[in-house]
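The values are calculated or read from the model by the stated rules, or taken from the named source; none is laboratory data. As the structure is a prediction and not an experimental result, all values here were calculated from the model. For neighbour counting, all protein chains shown are included, and Cβ atoms are generated from backbone atoms with ideal geometry for every residue, glycine included. These area figures cover heavy atoms from the full protein model, side chains too; ligands, DNA and RNA do not enter into them. Shrake-Rupley method; radii C 1.70, N 1.55, O 1.52, S 1.80 Å.
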Protein chains: 2
Amino acid sequence: MATIYDVARQAGVSAATVSRVVNGRASVDAALTARVQQAMRDLDYRPNALARNLRRQRTSIWAVIISDIGNPFFTSMVRGVEDVAQGAGYSVVLCNSDEDPAKEARYVAAALAEQMAGVIISSTGKPANVNRLIEAGTPVVAIDREVRGAAVDSVLVDNEHGAELAVEQLIAAGYQRIACISGPRRLPTAQQRQRGWAKALRAHRRPATDDLVRYGDFRQEGGYQAMAALLDEGEQPDAVFVANNLMTVGAMECLVDRGIPVPDRMGVVGFDDIPWAHLVRPSLSTVVQPTYELGRTAALLLAERIAEPTRPPSTVTLRTELKVRESSARSAAS
Amino acid sequence: MATIYDVARQAGVSAATVSRVVNGRASVDAALTARVQQAMRDLDYRPNALARNLRRQRTSIWAVIISDIGNPFFTSMVRGVEDVAQGAGYSVVLCNSDEDPAKEARYVAAALAEQMAGVIISSTGKPANVNRLIEAGTPVVAIDREVRGAAVDSVLVDNEHGAELAVEQLIAAGYQRIACISGPRRLPTAQQRQRGWAKALRAHRRPATDDLVRYGDFRQEGGYQAMAALLDEGEQPDAVFVANNLMTVGAMECLVDRGIPVPDRMGVVGFDDIPWAHLVRPSLSTVVQPTYELGRTAALLLAERIAEPTRPPSTVTLRTELKVRESSARSAAS
DNA sequence: CTGTTAGCGCTTTCAA
DNA sequence: TTGAAAGCGCTAACAG
């Protein structure tokens, strides 16, 4: 690999001049600029970002640490981040923590060691990881999941309200015993959605007892098992609110396997959409989150924090919306 | 951020000794080691990877450049890569080229500038990008998509054979005019799958003419449009082989919208599975790829190439398997 | 406008 | 076993 000195020699100038040309700096003589550019082409010169970053004490890469790359939720979120990042001159790399705090810790350590310019993180729930970033002075924005015990810019959605909407709809459709498949207890999103479920039920004087709740892992398999548990353990719900998209798919799968017709014998509403929700039969009613906007907003916030590191952290909460499809619209009352 | 010199001062040793401790090097006196470790803890010292990498002339990060993070195909592939990488002491970052050669070029440039230890790439089809890596001496492995015009380690699947299996099954089920929704013309995977379709048809003396082929973009929307075109332009196929998973979903969507019953009036087989293929009604028959294994194998190949940079490139081809579900199993002959 | 010089933080000879 | 010193490739003062 050619270095800046090779280029300098070839062009008959100093390394500083090459550096100026590379960085489009102030008035370098046109003739020299041309010579340098020619030399760079001849030598196929590529600046070594490692050296540059070391010297500058900053990089131009953002890390997005997501908790499950298998969740389509993140697909469009990442696009939102990328679009903003690119406009602001940053590259984005994705790190998949797979809901594993240890894996997340490794990526946080890497982001720190590599002096990443900023981090957007959908936390697995360990505030320690986020705090490590903050203490080291790395600009960071929490996305999707609030991080308790860390003063950090955050972009969230109104989880509780979205869950209420979902349950209200099930109630309006005439369902009586509405269960909840919640997520990992440590995750605020799961807690908030479960709380929304309970709140809506209580508002209508319906039971919102523990035996109507099961906890999954936010994966398809977890949804399947939670649904099975609900069915097997004699609670006899006639509807279920599922706190995340992948688990909703799993729950549906279970219902299909058991031959329980949806929505007639079981109403289903899930939190967060899936791109093919309407292809599934019956099509899935879901609480839709503005995923792209979530990513965009987080990126904007990150850019602002980088520009102004000392300003107090802010939280943006985006609205969710209920999309009623077939799975929650019973044709006949029970 | 504390530097190695801060630690050295605090522990009353030289920076070299700290470095030795950090890197677990040869015999450093036990007492000194203890003092250094204490100092590191006191100062919350984290080695600066930029400086280290600059000095060592290598990093411990692999970049995986994928063409569409929205495709579940990549989810499990990435897990395969991560599992091997971690065992070998590397971190993995994901870059989403979004099927855009320009975006891909940017990530290749970044990988080069950041002196990434290796790259696994599902190419958008521009050999130039891959060649840039090879010429710069960066270890690289092509995954899923062969790169023509580049001598590179590759992990592929038997696309042509998988497509043949799919079409054979449609023929066996009694379908007569079997269309093909192929992918971007520039992509070898699309070409190979289309070729497999044609080969199977010819083997049975069936027409495999151009008017039975439409080209999508490997996205859901493209599949929808291609299906619509097939329907609207008077070809009247009674079955369709779709060259990728997302497009299969789009095609199904179109069929639902048009009220065309699958598999009775239209048989469908797609290439590459989706995690919820059996939830869709009718459930989707697909050619299944060993995605996790694909990732694993690519990672293994990359590790080997890093260890032995001069060995000739090798290509590993993995087998596909046909999973027959409802969408290709017509109950009554036409 | 251009070149000289001094590091960024780390590792690695080379001596002691 | 330990330390001093050089230098990875680049940028940013500072002179000229």
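Key figures for this structure:
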read-out: Portion, in percent, of the accessible area of chain B that falls on carbon or sulfur, probe 1.4 Å; value: 49
read-out: Per-copy distances of the residue B:265 label point, shortest first, in nm (7 angstrom along Cα→Cβ); value: 3.1
read-out: Kirkwood Rh (inverse of mean 1/r, distinct Cα pairs), chain B, angstrom; value: 22.2
read-out: Accessible surface buried once A binds B (1.4 Å probe; total of both sides; Å²); value: 4400
read-out: Ascending list, in nanometres, of distances separating the residue A:234 label from those of the other copies (7 Å, Cα toward Cβ); value: 6.8
read-out: 1.4 Å probe accessible area per residue over the protein assembly as shown, in Å²; value: 40
read-out: Sites residue A:304 and residue B:86 - FRET efficiency at Förster radius 35 Å, r taken between beta-carbons, to 0.05; value: 0.55
read-out: At least 30 Å² of accessible area lost relative to the chain alone, listed for the stretch B:249-284 with a 1.4 Å probe; value: B:253, B:256, B:276, B:278, B:279, B:280, B:281
read-out: Sequence-separation-based contact order of the stretch A:164-253, relative, with Cα cut under 8 Å and 6+ spacing, percent; value: 37
read-out: Mean projected area (nm²) of the alpha-carbon convex hull when the stretch A:65-110 is viewed from all directions; value: 3.3
read-out: Exercise: per-residue mean of other protein chain Cβ atoms within 10 Å, A:40-52; value: 4
read-out: At 0.890 mPa s and 25 °C, Stokes diffusion of the stretch B:4-47 via Kirkwood alpha-carbon radius, µm² per second; value: 249
read-out: Hits among lysines - C-alpha to C-alpha of residue A:103 under 16 Å, sequence gap 8 or more where chains match; value: A:126
read-out: Within 10 Å of each Cβ in A:59-66, the average number of Cβ atoms from other chains; value: 2
read-out: Within a Gaussian network of chain A (alpha carbon springs, distance under 10 Å), most fluctuating of A:16, A:110, A:228; value: A:16
read-out: Relative contact order [Cα under 8 Å, 6+ residues apart], the stretch A:102-201, whole percent; value: 23
read-out: Overall dimensions of the stretch B:88-170 by Cα: Rg and Dmax, Å; value: 14.7, 49
read-out: Fraction of antiparallel bridges per DSSP, the protein assembly as shown only, in percent to nearest 5; value: 10
read-out: Calculated label separations, residue B:307, copies of the chain, 7 Å along the beta-carbon direction, nm; value: 5.0
read-out: Per residue Cα convex hull volume in Å³ - calculated over the protein assembly as shown; value: 184
read-out: Residues losing 30 Å² or more accessible surface upon assembly, the stretch A:104-120, compared with the chain by itself, 1.4 Å; value: A:106, A:107, A:112, A:113, A:114, A:115
